[in-house]
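This report concerns only the one structure given below.
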Protein chains: 2
Amino acid sequence: MDKVINSLKEALKAAGIRNGSRLSFHHHMRNGDYVLNATLAAADELGVKDLHINASAVFPIHEPLVDLMHRGVVTGLDCNYLSGPVAQAISHGILERPVTFRTHGGRPADIASGQSPIDIAIVAAPTCDNMGNLTGKLGPSQCGSLGYAMADAQYADKVIAVTDNLMPHPLPEFSIPETQVDYVVVMDKIGDPKGIVSGTTQITRDPVGLLMAQYATSLIEASPYFKNGMSFQTGAGGASLATASFLKERMLAQNIKGSYGMGGITSYMVDMLEAGCFEALVDVQCFDLDAVRSIRTNPKHREVSALHYAAPQPVVASSLVDSLDIVILGATEMDRNFNVNVHTDSQGVIMGGSGGHSDTAAGAKLAMIIAPLTRARMPLILDQVNCISTPGNTIDVLVTQYGIAINPKRDDLIKAFSNAKLPLRSIEELQAKAESIVGKPKLLPNTGRVVGEVRYRNGDIISELRAVE
Amino acid sequence: MDKVINSLKEALKAAGIRNGSRLSFHHHMRNGDYVLNATLAAADELGVKDLHINASAVFPIHEPLVDLMHRGVVTGLDCNYLSGPVAQAISHGILERPVTFRTHGGRPADIASGQSPIDIAIVAAPTCDNMGNLTGKLGPSQCGSLGYAMADAQYADKVIAVTDNLMPHPLPEFSIPETQVDYVVVMDKIGDPKGIVSGTTQITRDPVGLLMAQYATSLIEASPYFKNGMSFQTGAGGASLATASFLKERMLAQNIKGSYGMGGITSYMVDMLEAGCFEALVDVQCFDLDAVRSIRTNPKHREVSALHYAAPQPVVASSLVDSLDIVILGATEMDRNFNVNVHTDSQGVIMGGSGGHSDTAAGAKLAMIIAPLTRARMPLILDQVNCISTPGNTIDVLVTQYGIAINPKRDDLIKAFSNAKLPLRSIEELQAKAESIVGKPKLLPNTGRVVGEVRYRNGDIISELRAVE
């Protein structure tokens, strides 16, 4: 018995692909992923139409999707993050059905609960044996964690592993077991490992970013959560990483031993683990090659599934976001109720998505946004965000270069920070400041047809995205 | 948020225990397990009746079950292996409903498919954090693999982890994640690690056993499966372990590099891994403390779930038994069709069960029984076994001290072994030899009511066990 099949086309046929099939993909290869495009090219050659794609994220490299959408090969899309040409095409109305946007926790929860069934999951497998035991930690295209692919592999009707590093059975380092894998396909290259490096994984050198990072670090230090056992997540933006770097120094100086660091993991979080700031890293996705090395070699750096990372109750008994103390997040827009938009730009064009934004904000005791008060002549704070990605009642603090706003519902934090010599402002003051610099923008028209629905982690639709001209 | 609950009683109440609840247990603590008894004592104090227990195995230490069965607290039992006082009580008709016997692969498959639902799974957790991430590899009661508990934890409505080593969250070495665990209970001791050592985990010194081991080793060496990449499983009986020890020497002498060793793992298999005989050990259960040390420290020694070990298709895409080359198994009785009984003794009293016997026999290319031709004045080979545990069409060879019988359906093996200077006999010749020594036993009466049903790995009932006087 052997599951290796000669080509993606044959594997898709064996898996029963047909018009309307629901195919899933994961994004650990990020903008270096070759598997989604190769799979859909094979499906196209088979002549199937009306495919429904559930991809944890879509990147610029996935531009061929645009043509497939034009030709009706792909007519449905679910994702947690959407950028590049496909995002623009969606915003311009290429699909009749709205895209369903989920969160990194909501997506696997909906897969596990049956809300979002998958016919065929395609797993990019940097190393795989001929029976389908596979891992992301080894091989020339190693990407580290395969956390986002785990629910797909577990719950899909059929699973195709695509690898460029076939190893003898059984692979003891498997992350996904052969019990879940039906077919194995070997490609020359499943991706470009350099592409897994997220756009921004370097500390900012911009003085504005560094100032915000200093504010954020001081806030954390003044908060009741800066103590032994603290857990921490940050994204990969330049100011967020600078905060991680500053925080490391403060933790070491004050001998604070944290419990865990989490999220898409970068070298900065690996540094913190190795310096003893945390007992563990829990990793649903590696953002750079240092993180890949660490997860392969350090038992304290542990791969976790997206369900384990961020899924909501009652689909899971608990997930790691439920125990999170501090998270640092970004924003493209906010409003005075602290609602955050990370889906669209100031013109209403899709350029991102929730990812783990709203999951971690809901779980963390201190959910902090770091964002410059203006960008490209647009203010950060609007009367009303063009999309609610993360509800304001889960956001505690906004840090800008012009001051810090605490969500009024957090009396306790306002008290805790009152002696910290930090430029505390109301969010209205910050909005006025931004408008004094760049003026008040016109509201975007809200008349286009709905091209995207944003589902909160519990499944509720909390925003609709509209077509732009 | 914290899942720690003060007592087993409170946890069972919180999990919704009621009359008729289906509770599951696993047997990694083997005859040192304190958790099953403590849990059922707590349930008894709560006054519930008519509980249905699904335990992967029941040992002599679980004798308190007998009283609970007498009093109607426990009225149903499913298991893969049953020994000691509970086995005897079942054979004497203590339960009205027959016990359902499954295999180590069939049990998790039936749990996963919904055939055998579980209301509350109780997991003995040698180390656990306060959110339920848990492992068997660490802590004073460490037992190594938790492979048999994994399907239970994944599919049960509610899961209670019982630990004597509560650690800070999050435990990066988890084998079962907090997503699956609802409650955590701390006990003084969950078991006696010495009790995990299986009854027979030492090489035999008995000349009969050593002779059979030599025959078995020579057969393997003469078989087409003795080559690079070979995979191998053996049980923990003295002659089986002697075979492993002899095989190791032959593999090293001939520079044969196997792929994997499997099964309940003993120090002899660990030796083979460390000597380079295998690339990997895949371990659903540790049979001794050397195996526990190895699985904790050697990345090539990998914990696998019972689904991954042995579940049948189509519940899983494949399991490790499907790729197994050679397995060495025991038998209490056989018949001329090579059917094997490992459930009952010569009086028809239950004293064991399939475990992985029929799963591995079905998967392995060479399924070999090693058993002495007579035991306690009873012949091994009968006209008809008192219970078909493993169908003869999945057994290839019988090795006894008086000769070796090849299943006639295996022409290829008969040819392969014809030059090996081994005492090949027909199974009829071996039966005649046994009868010449101890005579022909009377058939057991087949009139008692049914107290056990043996389900093959695909769910078919292949035998019924009857009450004895």
### Message
Cβ-Cβ distance below 8 Å, separation of 6 or more or different chains: which pairs start in the stretch A:67-79 with a residue that is more than 24 Å from A:Pro108 (Cβ to Cβ) and end on one that is outside any loop (DSSP other than H, G, I, E, B) and of a type in the set (Val, Ile, Thr)?
### Response
A:Leu68/A:Val74; A:Met69/A:Thr75; A:Met69/A:Val86
### Query
If you go through the stretch B:1-53, how many residues are within 14 Å of chain A (Cβ to nearest Cβ) and surrounded by 23 or more Cβ atoms within 10 Å (Cβ to Cβ)?
2
### Query
In the stretch B:171-181, is there at least one residue being in contact with a strand residue (DSSP E or B) (Cβ under 8 Å, 6 or more places away or on another chain), surrounded by fewer than 21 Cβ atoms within 10 Å (Cβ to Cβ) and over 20 Å from B:Asn31 (Cα atoms)?
yes
### Restricting the stretch B:372-382 to residues that are touching a residue at least 60 places away in the same chain (Cβ under 8 Å) and outside any strand (DSSP E or B), the residue that is nearest to B:Ala432 (Cα to Cα)
B:Leu373
### Query
Across the stretch A:83-100, what is the total count of residues that are aliphatic (A, V, I, L, M) and more than 18 Å from A:Val73 (Cβ to Cβ)?
1
### Query
Can you find even one residue in the stretch A:323-330 that is in contact with a Lys or Arg (Cβ under 8 Å, 6 or more places away or on another chain), assigned to a strand (DSSP E or B), buried (at least 24 other Cβ atoms within 10 Å of the Cβ) and among the hydrophobic types (A, V, I, L, M, F, W, C)?
yes
### Task
Would you mind listing the strands (runs of 3 or more DSSP E) fully within the stretch B:13-118 where at least 3 residues are over 17 Å from B:Lys158 (Cβ atoms)?
B:74-79, B:99-101
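Residue-wise test of (1) of a type in the set (A, V, I, L, M); (2) assigned to a strand (DSSP E or B); (3) within 11 Å of another protein chain (Cβ to nearest Cβ).
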| position | (1), (2), (3) |
| --- | --- |
| B:Gln154 | no, no, yes |
| B:Val159 | yes, yes, yes |
| B:Val162 | yes, yes, no |
| B:Pro170 | no, no, yes |
| B:Glu173 | no, no, yes |
| B:Thr179 | no, no, yes |
| B:Lys189 | no, no, no |
### Query
What are the residues in the stretch B:265-322 that are polar (S, T, N, Q) and either facing chain A (nearest Cβ under 8 Å) or in contact with a Phe, Trp or Tyr (Cβ under 6 Å, 6 or more places away or on another chain) (or both), if any?
B:Thr266, B:Ser305, B:Ser318, B:Ser319
### Query
Is one or more of the residues making up the stretch B:443-463 of a type in the set (A, V, I, L, M), in contact with a Gly (Cβ under 6 Å, 6 or more places away or on another chain), in contact (Cβ under 8 Å) with a residue 12 or more places away in the chain and in a loop (DSSP other than H, G, I, E, B)?
yes
### Message
Cβ-Cβ under 8 Å, sequence separation 6+ or interchain: first residue in the stretch B:221-249 and within 19 Å of B:Tyr309 (Cβ to Cβ) and aliphatic (A, V, I, L, M), partner in a strand (DSSP E or B) and modelled with pLDDT under 95. Which pairs?
### Response
B:Ala236/B:Gly264; B:Ala244/B:Thr234
### Task
Please work out which residue is nearest to the other protein chains (Cβ to nearest Cβ), limiting yourself to the stretch B:331-341 and to residues that are crowded, with 24+ Cβ neighbours inside 10 Å and of a type in the set (A, V, I, L, M).
B:Val340
### Message
Any residue at all in the stretch B:376-399 that's of a type in the set (Gly, Ala, Ser) and in contact with a helix residue (DSSP H, G or I) (Cβ under 8 Å, 6 or more places away or on another chain)?
### Response
yes
### Message
Can you tell me which condition B:Gly93 does not meet? The list is (1) in contact (Cβ under 8 Å) with a residue 40 or more places away in the chain; (2) buried (at least 16 other Cβ atoms within 10 Å of the Cβ); (3) away from chain A (no Cβ under 14 Å), and all the others hold.
### Response
(2)
### Query
Filter the stretch B:261-279 for residues that are surrounded by 24 or more Cβ atoms within 10 Å (Cβ to Cβ) and among the small types (Gly, Ala, Ser); which is farthest from A:Asp2 (Cα to Cα)?
B:Gly264
### Query
Taking the condition over 25 Å from B:Val342 (Cβ atoms) and either part of a strand (DSSP E or B) or within 14 Å of chain A (Cβ to nearest Cβ) (or both), does B:Lys137 pass?
yes
### Message
Filter the stretch A:304-315 down to the residues that are of a type outside the set (A, V, I, L, M), crowded, with 24+ Cβ neighbours inside 10 Å and more than 12 Å from A:Gly363 (Cβ to Cβ) and list them by number.
### Response
A:Ser305, A:His308
### Query
Does the stretch B:223-255 hold any residues that are surrounded by fewer than 21 Cβ atoms within 10 Å (Cβ to Cβ), within 14 Å of another protein chain (Cβ to nearest Cβ) and either touching a Ser or Thr at 6+ places or on another chain (Cβ under 7 Å) or of a type outside the set (S, T, N, Q) (or both), and which are they?
B:Lys227, B:Gly229
#### Entry: Residue identified as modelled with pLDDT of 95 or more and closer than 26 Å to B:Leu398 by Cα among B:Glu249, B:Glu303
B:Glu249
### Summary
For A:Ser318, the lone unmet condition from (1) in contact (Cβ under 8 Å) with a residue 12 or more places away in the chain; (2) closer than 22 Å to A:Lys365 by Cβ is (1)
### Query
Among the residues of the stretch A:272-286, is any aromatic (Phe, Trp, Tyr) and either assigned to a helix (DSSP H, G or I) or touching a residue at least 60 places away in the same chain (Cβ under 8 Å) (or both)?
no
### Task
Output the number of the condition that A:Ala124 fails; it satisfies all remaining conditions of (1) outside any helix (DSSP H, G or I); (2) without any contact (Cβ under 8 Å) to a residue 40 or more places away in the chain.
(2)
### Message
Return the residues of the stretch B:388-425 that are part of a loop (DSSP other than H, G, I, E, B) and among the basic types (Lys, Arg); say none if nothing qualifies.
### Response
B:Lys409, B:Arg410, B:Lys421
### Task
Identify all residues within the stretch A:113-133 that are in contact with a Leu (Cβ under 8 Å, 6 or more places away or on another chain), more than 17 Å from A:Ser56 (Cα to Cα) and within 12 Å of another protein chain (Cβ to nearest Cβ); write none if there are none.
A:Asp129, A:Asn130, A:Asn133
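The values are calculated or read from the model by the stated rules, or taken from the named source; none is laboratory data. No experiment lies behind these values; they were computed from the predicted model shown. Don't worry about glycine lacking a Cβ; one is built from the backbone with ideal geometry, like all the others, and counts go over all protein chains shown.
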